[in-house]
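Worksheet for the structure shown next.
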Amino acid sequence: MFPEVDEIGPDKPVEKCGVVSIFSRYEHAAPYIYYCLRALQHRGQEAAGIASYSREREDIVFEKGLGLVGEVFSPDRLEKLPGNSGIGHVYYSIALSVPENAQPYVFHTASGTIALAHNGILTNAEELKVRLKKKGHGYYSGSEEESVSYLISDSMLAGKSMISAIKSALSELDGSYAFSFMVNDHVFAARDPMGIRPLCLGELPDGLGYVAASESVALDAIGAKHIRDVRPGELVELTEDGIKSYQLFERGEIAHCFLEYVYFARADSVIDGREAYRSRMRIGWRLAKESPVSADVIVPVPDSGRAHATGFSRGSGIKLEEGLMKNRYVARTFIMPDQHLRDISVGEKINPVKSIVRGKRVVLVDDSIIRGTTMKRIVKKLRDAGAKEVHVRIGSPPVIAPCYLGIDMTERGQFVAHGRTVEEIRKIIGADSLAYISVEGLMEALKWEENQMCLGCVTGEYPIKIKGEKTRLQRTLQDY
Ligand code: SF4
């Protein structure tokens, strides 16, 4: 069997996870969580899981497995998850191979059962593990989430209230997190002090209860009203009496991940008050002003470049046409052993509409370029279909550095832009011209200030201390 594409890494940045917390007054939480997870499926396709609190068993029960949400959960499996409160998770991980590594993780600690679902990465995970092992904790999953459960449990054992114990545990963490978690029958959500990963809050229809989720599309999926975003450094508990809010950490510098707006989040999501679709449109508009080109037609790379291309079309006055079609039924593929077969495999996924591109000067618009391999093949396909010129315009600055904060981009060597000029990249992908949006243009389009965003992967300067990397602020999350 040929190795799978994921073994060399996908040609797009990949979100690692999506999370959901629900408290429902009258109904079982699991079916709601199921629909929320389906709406968050773009954030992780490798595994899915749900944990809920069973009053009958007086404990947290869970079901999880490898695959898409709809593959992991059947009506029978959802039936095994009684209870009005619960959490859910979708997972992307190259390393994930056994269902036990799917989330939520459920840990039976001396202070009760703790279930955790995490979007983000703890940059001090190893340090924490070493310290907690020295205290005598044996690790079952070996995960960073297990450390969080021990930190909460130890503080509760030491006599702290549940909320104080959670605060004390979270204050030990560095990196990024949006957590959905349960401590026995209490259901929570928490966002790191810089708000790096998104997390929003909603009310179930007819006042049935409350929901927290990675993106507002999860709320829309179950008819919930989007109330607001969870604030950086805030813990919320979803209860019978409403949403209880605890601002655990002072509100200081924020650093939202810009790639959520540019690519990861679904276009119809609203994150921290900005809709992803309109943000992408503004980026395209700005890109057209920054890097104009004489052309006959704007063609988006489906589906990732569509909103950017619409903005580019409006900004340039050049008509947009769907000159590339995507086969939606080819999800994953294998690496073919020779170049010819690899080209066929891209053609299987994306194919030009010849009447639209033949004899034309085409502007091809996408959100980002990571390895450049797919872009190179698309440019070639357009030329083979008769395009006279192919000009590539990209809605993010060149990705040159790894992400340590929750996105699966780990090796500098995987980025075509690392150590190369734009002209060198243009030659590699075979385009007539290539331009990326500038950081200033991006900020103007996103309507955030540069010091309110994480731009680590495009500037090489991170919002928190990361060993061996440049840092915008000389502080760790623990300094909050
Ligand atoms: S490094 Fe890039 S992908 Fe990672 S959180 Fe920052 S902006 Fe997002």
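The values are calculated or read from the model by the stated rules, or taken from the named source; none is laboratory data. A quick note: this is a predicted structure, and the numbers were derived from the prediction, not measured. As a convention, Cβ positions derive from the backbone with ideal geometry for all residues, glycine included, and neighbour counts pool all protein chains shown. Side chains are part of the model used for accessible areas, which takes the heavy atoms of the whole protein and leaves out ligands, DNA and RNA. Shrake-Rupley method; radii C 1.70, N 1.55, O 1.52, S 1.80 Å.
Scoring residue 221 on the criteria (1) out of contact with any strand residue (DSSP E or B) (no Cβ under 8 Å at 6 or more places or on another chain); (2) away from the ligand (no atom under 16 Å from the Cβ); (3) closer than 30 Å to residue 379 by Cβ leaves a single failure, condition (3).
Among the residues making up region 224-270, a single one is open to solvent by less than 10 Å² (accessible area, probe 1.4 Å), within 14 Å of the ligand (Cβ to nearest atom) and among the β-branched types (Val, Ile, Thr): 262. Residues that are touching a Leu at 6+ places or on another chain (Cβ under 9 Å), without any contact (Cβ under 8 Å) to a residue 12 or more places away in the chain and either outside the structural domain of residue 29 (by TED's automatic domain parsing) or open to solvent by 10 Å² or more (accessible area, probe 1.4 Å) (or both) do not occur anywhere in region 169-179. The listed residues are 417, 435, and the only one of them that is part of a loop (DSSP other than H, G, I, E, B) and more than 29 Å from residue 169 (Cα to Cα) turns out to be 417. Residues that are closer than 13 Å to residue 263 by Cβ and of a type in the set (Lys, Arg) within region 364-380 are absent altogether.
Scanning region 190-206 for residues that are touching a residue at least 40 places away in the same chain (Cβ under 8 Å) and on the phi > 0 side of the Ramachandran plot yields a single hit, 195. When residue 191 is tested against the conditions (1) more than 16 Å from the ligand (Cβ to nearest atom); (2) open to solvent by less than 10 Å² (accessible area, probe 1.4 Å), the lone failure is (1).
A residue that is touching a residue at least 60 places away in the same chain (Cβ under 8 Å), in contact with a strand residue (DSSP E or B) (Cβ under 8 Å, 6 or more places away or on another chain) and assigned by TED's automatic domain parsing to the domain that holds residue 120 occurs nowhere in region 263-274. Right, residue 407: under 24 Å from residue 178 (Cα atoms) and either crowded, with 21+ Cβ neighbours inside 10 Å or within 14 Å of the ligand (Cβ to nearest atom) (or both) or not? For residue 407, the condition - under 24 Å from residue 178 (Cα atoms) and either crowded, with 21+ Cβ neighbours inside 10 Å or within 14 Å of the ligand (Cβ to nearest atom) (or both) - is met.
Is it the case, given these coordinates, that residue 87 is modelled with pLDDT of 95 or more and within 24 Å of the chain's Cα centre (by Cα)? In short, yes. Taking region 436-446 as the search range and keeping residues that are open to solvent by 10 Å² or more (accessible area, probe 1.4 Å) and either within 14 Å of the ligand (Cβ to nearest atom) or in contact with a Ser or Thr (Cβ under 8 Å, 6 or more places away or on another chain) (or both), which one is farthest from residue 397 (Cα to Cα)? Looking at the filtered set, the residue picked out is 443.
Just the residues that are part of a loop (DSSP other than H, G, I, E, B) and open to solvent by 40 Å² or more (accessible area, probe 1.4 Å), please, taken from region 140-159. Those that are part of a loop (DSSP other than H, G, I, E, B) and open to solvent by 40 Å² or more (accessible area, probe 1.4 Å): 140, 141, 158, 159.
Against the numbered list (1) over 12 Å from residue 299 (Cα atoms); (2) part of a loop (DSSP other than H, G, I, E, B), residue 387 comes up short only at (1). The residue pairs whose first member lies in region 306-318 and is of a type in the set (Lys, Arg), whose second member is at pLDDT 95 or above and open to solvent by less than 50 Å² (accessible area, probe 1.4 Å), and whose beta carbons are closer than 9 Å, counting only pairs six or more residues apart or on different chains, are 306/267; 306/280; 306/300; 306/365; 314/281; 314/284; 314/288.
Does residue 464 qualify as being within 16 Å of the ligand (Cβ to nearest atom), in contact (Cβ under 8 Å) with a residue 60 or more places away in the chain, buried (at least 19 other Cβ atoms within 10 Å of the Cβ) and not assigned by TED's automatic domain parsing to the domain that holds residue 320? Spelling it out, residue 464 is indeed within 16 Å of the ligand (Cβ to nearest atom), in contact (Cβ under 8 Å) with a residue 60 or more places away in the chain, buried (at least 19 other Cβ atoms within 10 Å of the Cβ) and not assigned by TED's automatic domain parsing to the domain that holds residue 320.
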